[in-house]
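To start, the structure under review is shown below, and the notes come after it.
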Amino acid sequence: MSAVEVNFDGLVGPTHNYAGLSYGNQASQQNRANPANPRAAALQGLEKMRVLSDLGVPQAVLPPQERPALATLRRLGFSGSDARIIAAAYQQAPRVFAACCSASAMWTANAATVSPSADSTDGRVHFTPANLVNKFHRSLEPETTSAILEAVFADPEIFAHHPPLPANNAFGDEGAANHTRLCGAYGDPGVELFVYGKRAFDDGTVSPRRYPARQTREASEAIARLHGLSPDRTVFVQQHPDAIDAGVFHNDVVAVGNTNLLFYHGQAFHDESRLLQDLERALAPTPLETVRIDPEQVSLDDAVSSYLFNSQLVDLGTEGTALIVPGECEAVPAVLDCLDWLRSGENAIRRVEVLDLRESMQNGGGPACLRLRVVLSPHELSAMAPGVRFDPGLHDRLKDWVQRHYRDRVTEADLCDPALLMESRTALDELSRILGLGAIYPFQREG
Ligand code: SUG
């Protein structure tokens, strides 16, 4: 058996809602205050895991986080019983409270940057949880993300866990959403591509003008150093500032790579031709394959509204590569034409699967946002916590768990219902036992 790439999908949490928290993410802004359906969201996520697993992709699950984030509200000066904290925060600081209720940890592409053992000098798998400092609601995630990753990948001889980078915009880090690994076979040394939005300490670079660049070059370089990556097989490239200004808040909204294939939009990168040269050189003797979509064919706006590139590339062996796209792609005529062309056999992609992820999509999270990829050798795979591995049995148990614990409607006003906190804690406590992860949540440790 050789190394495999495991997809860790984030389970949607019980407080999934639309609070319009992400400036620069158009779906989040446009759906602010719409009612959300956490139960449907979680079931859509589980169905995606089933489809991928049935296609032969090794699949696993990462649990949601506890929300509202009571510990954060206490740090911000709210005190008393949980119910009193929730009521006071909702009344006195409703936007802060909404941020403390977000289920945003579901987008596990932002959980961490992961480097396989084949790429690191010490032969361990390296993890750096993303600090997500650009958005307050997302900056609450790294502490529990670290606890979860350490529980899933516990053996220090095999897995190296770094703390998140310093919590400042100069080291803004959004994890695997701005990181792609290209390789021959998964177990071969690969090329790690880091895509940054701006430099923090150099005023000379072109930056986006309308929306914030969340990832800095300095953050990407720090992670490459921490993970012990070879400079010969590490490539840094700037995201096109126009793309960020068009709503591409993470690079995985306009590009996705798998093995030696890069599927991308013509305006994804600031210096596309240099990037291609750098990748070809770093990947040699493995040839780089590209599927480039011209802006004339699909505009940046259509790429953002359809999430065509926030897709998953899946290698189906002799059947070739499949592209897993969200249903929104079928609503945009230019993207529909593009899907027909992709299916035509004139390119490296042979098959297209369409998934219904509408609940997550309305917050700007497509198929690629919902998964964190971890390449593991057979030995590393056997050292991973076994309970998170997705199979038909876990699928049935999680579906039943969602149906018993999740509401089918949550608005911003529902978030201050103290019963929602109790429901969520009961659900998460049971989930950590289903997944065999022990006490990963602060409320479980408070006793
Ligand atoms: O960080 N949306 C997330 C979407 C993350 C998508 N991930 C990747 N592209 N990898 C974000 O902007 C919206 C929450 C709200 O508005 O309620 C939100 O956080």
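General observations
- Among 364, 56, 197, the largest mean-square fluctuation in a Gaussian network model of the chain (Cα springs under 10 Å) belongs to 56.
- Net charge of neighbours whose Cβ lies under 12 Å from the Cβ of residue 399, counting Lys and Arg as +1 and Asp and Glu as -1: +1
- Cα-based shape type of the stretch 214-323, given that a ≥ b ≥ c are square roots of the gyration tensor eigenvalues and the cut on a/c is 1.5: oblate
- The length gained on full extension between residue 236 and residue 301, counted as 0.36 nm times the residue separation minus their Cα-Cα distance, comes to 20.9 nm.
- For the stretch 44-109: rounded, prolate or oblate by the Cα gyration tensor [a/c cutoff 1.5]: prolate
- Seen against the Cα atoms of the chain and their longest principal axis, helix 217-226 is set at about 90 degrees.
- Taking all Cα pairs closer than 8 Å and separated by 6 or more residues, the relative contact order of the stretch 65-165 comes to 24 percent.
- Among the GluC sites (Glu not before Pro) in the stretch 346-432, those placed in a DSSP loop whose Cβ has at most 14 other Cβ atoms within 10 Å are 346.
- Over the chain, relative contact order from alpha-carbon pairs under 8 Å, at least 6 apart, %: 23 percent
- Estimated distance in nm for a label pair at residue 430 and residue 409, the labels positioned 7 Å out from Cα along Cα-to-Cβ: 2.3 nm
- Selection from 162, 345, 59, by position along the positive dipole direction of the chain (Cβ): 162
- Label-to-label distance, residue 30 versus residue 343, with points set 7 angstrom from Cα along the beta-carbon direction: 2.4 nm.
- Förster radius 35 Å - calculated FRET efficiency between residue 272 and residue 2, Cβ distance, rounded to 0.05: 0.60
- If you plug the beta carbon distance of residue 331 and residue 379 into 1/(1 + (r/R0)^6) with R0 = 41 Å, you get a FRET efficiency near 0.35.
- Filtered GluC sites (Glu not before Pro), the stretch 221-325: DSSP coil and at most 15 other beta carbons within 10 Å: 296
- Cα lying deepest toward the dipole's positive end in the chain, options 12, 420, 297, charges on Cβ: 420
- Computed about the Cα centre, the dipole magnitude for the stretch 285-382 is approximately 340 debye when only Lys and Arg (+1) and Asp and Glu (-1) carry charge, each at its Cβ.
- Couplings 3J(HN,Hα) for the stretch 151-162, derived from phi with the Karplus relation 6.51 cos²θ - 1.76 cosθ + 1.60 (θ = phi - 60°), are 6, 6, 10, 8, 6, x, 6, 10, 10, 10, 10, 9 Hz, where x marks Gly and Pro.
- Cleavage-rule hits, chymotrypsin sites (Phe, Trp or Tyr not before Pro), the stretch 260-334, DSSP coil, Cβ neighbours within 10 Å at most 10: none
- Approximate spin-label separation residue 352-residue 157, in nm, with each point projected 7 Å along Cα-to-Cβ: 4.9 nm
Bear in mind these aren't lab numbers, they're just calculated from the coordinates by the rules spelled out. Source: prediction; values computed, not measured. Virtual Cβ from ideal backbone geometry, glycine too; neighbours counted across all protein chains shown.
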